[in-house]
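Please treat every number below as a calculation from the coordinates, not as lab data. The structure displayed is predicted, hence computed values, not measured ones. Heads up, the Cβs are rebuilt from the backbone with ideal geometry, glycines too, and the neighbour counts pull from every protein chain shown.
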Amino acid sequence: MGHHFCLIEGDGIGPEVVESAVKVLEAAKVNIKWERLIVGEAAIKKYGTPLPESMLALIRKHKIALKGPVTTPVGSGFSSVNVALRKEFNLYSNFRPVKSLPGVKTRFDNIDLYIVRENTEGLYSGIEHTVTAGVVESIKIVTKEASTRIAEFAFKTAVAQKRKKVTVIHKANIMKLSDGLFLECARKVAKKYPKIKIDDMIVDNASMQLVMNPWQFDVLLLENLYGDIVSDLAAGLVGGLGLVAGANLGKREAIFEPVHGSAPLIAGKNKANPSATITAAIMMLRHVGENKAANKIEKALFKVFKSGKGFTEDLGGRASTQTMTKNIIASL
Ligand code: ATP
């Protein structure tokens, strides 16, 4: 039986990398019918809003989406479509595996981390206002409910993936109440999982430790903003943003996407690395039980990496997005 999923191309390099993933899925003969959604700038032009209700209805109906990056204007303009989607469908877990890839040379070998990021609140609550001219206030929301459910997800993932330790990353020395609550909830949840060790680290130290000795970490549990920043840092350990993907998981819906943004400087130039989006597609396949197809595509992707040839510019090569896609398809 075939699948019916939503596809969000996004903008910037989005359409190029999403097209690449779609081609690879087609070549691997995964039976997927795509419902193509328009969001962001393109949706404003067509529907007058960045996230039309008709698009949300399609995600509600099909439950699963593969998504490219959607640009969020800096400083002004419409608020983030990415954040709005996570809130709308209560996609509270952002799960980002960060692993060294065969053939991709970086400063670090044998990196194998799971990043679990709270996806619905913290400073991403988007509650900001001007108090008086020259003074703005941005409110960080932390709830017991959201902190507990993300901690549950982290520990459950640790058990399922045969991991040994969850490190809670926080700044509870300064934000004693908000980050304090996040940490307290994680410690409470940890009591139910005696086989998984829990420790914690202040986010600035954790950033340094990740660069000095990333092997000391296993599963990292972070609130929203730290998760965003630290997962980009972690992507750097294994070769950069062109390689790492994430799953946004809720109770019903799930959206799979590359960690990277829309990279406007290389957009439309056939230069973007499609690997992160292909990896997002692999995660999506595993989520729906298409393990055989997922393994096949992953094997083909790794074969291209191992060949050391046909890398895009971010990996020190000269191949285009399309050439890399062709190489992956040829390796299937
Ligand atoms: P956002 O705020 O939306 O996360 P960002 O400002 O972090 O976006 P990105 O768009 O993710 O920025 O890009 C950061 C850098 O990484 C840029 O130099 C970009 O060229 C590079 N980059 C990101 N994704 C890719 C990719 N798929 N292939 C090649 N280079 C990429």
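Which part of segment 30-74 falls in the paramagnetic zone of Thr130, meaning amide N under 19 Å from the point 7 Å along Cα-to-beta-carbon? What the label zone holds, given the 19 Å backbone N cut-off, is 74. Output the Kirkwood hydrodynamic radius of segment 90-247, Cα pairs only, in Å rounded to one decimal. One over the average 1/r among Cα pairs gives 16.1 Å for segment 90-247.
Sort 208-216, 220-228, 97-105, 149-157 for me by packing, meaning the mean count of neighbouring Cβ atoms within 10 Å per residue, highest on top.
Working: 208-216: 13.8, 220-228: 24.3, 97-105: 17.6, 149-157: 22.1.
Top of the packing list down: 220-228, 149-157, 97-105, 208-216.
What FRET efficiency, computed as 1/(1 + (r/R0)^6) with R0 = 25 Å and r the Cβ-Cβ distance, is obtained for Met212 and Lys156, rounded to the nearest 0.05? Calculated transfer efficiency: 0.30. Determine the sum of side-chain charges near Ala206: Lys and Arg each +1, Asp and Glu each -1, restricted to other residues whose C-beta is under 11 angstrom from that of Ala206. Taking every other residue near Ala206 into account, the sum is -2. Taking the square roots of 5 times each eigenvalue of the Cα gyration tensor of segment 215-332, largest first, gives ellipsoid semi-axes of 23, 19, 14 Å. Within segment 1-118, the proportion of C-alpha pairs whose separation exceeds 16 Å stands at 69%. The separation of segment 194-256 from segment 135-161, counted between C-alpha centres, amounts to 13 Å. Here the spin labels are modelled as points 7 Å beyond Cα on the Cα-Cβ line, and at Val83 and Ile202 they lie 2.7 nm apart.
Can you give the FRET efficiency for Asn270 and Ala42, using 1/(1 + (r/R0)^6), R0 = 30 Å, r = Cβ-Cβ distance, to the nearest 0.05?
Values: r = 20 Å, r/R0 = 0.67.
Given R0 = 30 Å and the Cβ-Cβ separation, E is 0.90.
Using a cutoff of 8 angstrom between alpha carbon atoms and counting only pairs six or more residues apart, the relative contact order for segment 120-236 works out to 30 percent. Measuring r between the beta carbons of Ser54 and Lys99 and using R0 = 45 Å, the FRET efficiency lands at 0.75. Each of the peptides 126-135, 58-67 was scored by the mean count of other Cβ atoms within 10 Å over its residues; in descending order, highest first, they stand as 58-67, 126-135.
Each 20 Å bin from 0 upward holds the following percent of the Cα-Cα pairs of the chain: 31, 60, 9, 0.
Treat segment 234-281 as a sphere of radius equal to its Kirkwood radius over Cα pairs and apply Stokes-Einstein at 25 °C in a medium of 0.890 mPa s; give the translational diffusion coefficient in µm²/s, rounded to a whole number.
Working: Rh = 11.5 Å.
Estimated via Stokes-Einstein, D reaches 213 µm²/s.
Distance between the 7 Å Cα→Cβ label points at Lys29 and Glu313: 3.8 nm. Taking only DSSP H segments of four or more residues, each worth -39500 (n - 2.57), what value at 222 nm results for the chain once the sum is divided by all its residues, to the nearest 500 deg cm²/dmol? For the chain, the value works out to -12500 deg cm²/dmol.
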